[in-house]
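Asks: One structure, as structure tokens, below. Some questions next.
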Amino acid sequence: MSSKPPARLHTKPHRVVRNAKSAGFGIYNMLPGCLILKSTFLPRVLGLFLAFAGLTYQTFLWPPLAERLFPYLLAPAGGLGERSIVFWLLVFGVNVQRWKEQALGAGVHPAVELVV
């Protein structure tokens, strides 16, 4: 048996799992960020913020770097990227006219009602 107290035995696996989850969440943020950058019915700066937030979460793949950068880069970037998209969608929503134009350009039949 190890000389460490039993309460401290679980901390290392917990950190590994937390870092892996954070890196996965970063990928989850980068994908919609890239899609928003390419879209025309949301401001592209929102996609840039979200993609940058996802990129900063990738620092959790190297924990010493993440521990040093978290208060200075990760927390502000993640907060800016995620909160800005939520704020924009709650206050302004999407540009419905551009949404319909893009759907018609993609070959959706005009008789199909787009639910917005």
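The values are calculated or read from the model by the stated rules, or taken from the named source; none is laboratory data. Keep in mind that this is a model prediction, so the values were computed, not measured. Note that we place each Cβ from the backbone using ideal geometry, even for glycine, and neighbour counts take in every protein chain shown.
Asks: Looking only at region 5-36, which residues are at pLDDT below 80 and over 17 Å from P64 (Cα atoms)?
Replies: P5, P6, A7, R8, L9, H10
Asks: Moving to a separate point now. Can you find even one residue in region 42-49 that is in a helix (DSSP H, G or I) and surrounded by fewer than 16 Cβ atoms within 10 Å (Cβ to Cβ)?
Replies: Yes - at least one qualifying residue is present in region 42-49.
Asks: Still on this model: What do you reckon, is L55 among the hydrophobic types (A, V, I, L, M, F, W, C), surrounded by 13 or more Cβ atoms within 10 Å (Cβ to Cβ) and at pLDDT 80 or above?
Replies: Working: among the hydrophobic types (A, V, I, L, M, F, W, C): yes; surrounded by 13 or more Cβ atoms within 10 Å (Cβ to Cβ): yes; at pLDDT 80 or above: yes.
In short, yes.
Asks: Being touching a helix residue (DSSP H, G or I) at 6+ places or on another chain (Cβ under 9 Å) and modelled with pLDDT of 85 or more narrows it down to one of L65, L80, L90, so name that one.
Replies: Working: L65 fails: modelled with pLDDT of 85 or more; L90 fails: touching a helix residue (DSSP H, G or I) at 6+ places or on another chain (Cβ under 9 Å).
Within the list L65, L80, L90, the selection yields L80.
Asks: Applying the selection to region 32-71, what residues are hydroxyl-bearing (S, T, Y) and within 17 Å of E82 (Cβ to Cβ)?
Replies: Keep residues of region 32-71 that are hydroxyl-bearing (S, T, Y), which gives 39-40, 56-57, 59.
The answer is T56, Y57, T59.
Asks: Keeping to region 80-94, report how many residues are free of Cβ contacts under 8 Å to residues at least 24 places away in the same chain and closer than 13 Å to Y57 by Cβ.
Replies: Count: 0.
Asks: Kindly list the number of the only condition in (1) assigned to a helix (DSSP H, G or I); (2) modelled with pLDDT under 85 that fails for M1.
Replies: Checking M1 against (1) assigned to a helix (DSSP H, G or I); (2) modelled with pLDDT under 85, the one that fails is (1).
Asks: For L73, indicate whether it is surrounded by fewer than 19 Cβ atoms within 10 Å (Cβ to Cβ), without any contact (Cβ under 8 Å) to a residue 40 or more places away in the chain and more than 14 Å from the chain's Cα centre (by Cα).
Replies: yes
Asks: Within region 86-105, how many residues are basic (K, R) and either under 18 Å from the mean Cα position of the chain (by Cα) or more than 19 Å from L46 (Cα to Cα) (or both)?
Replies: Narrowing region 86-105 to residues basic (K, R): 98, 100.
Next, only the ones that are either under 18 Å from the mean Cα position of the chain (by Cα) or more than 19 Å from L46 (Cα to Cα) (or both) stay: 100.
Total satisfying the criteria: 1.
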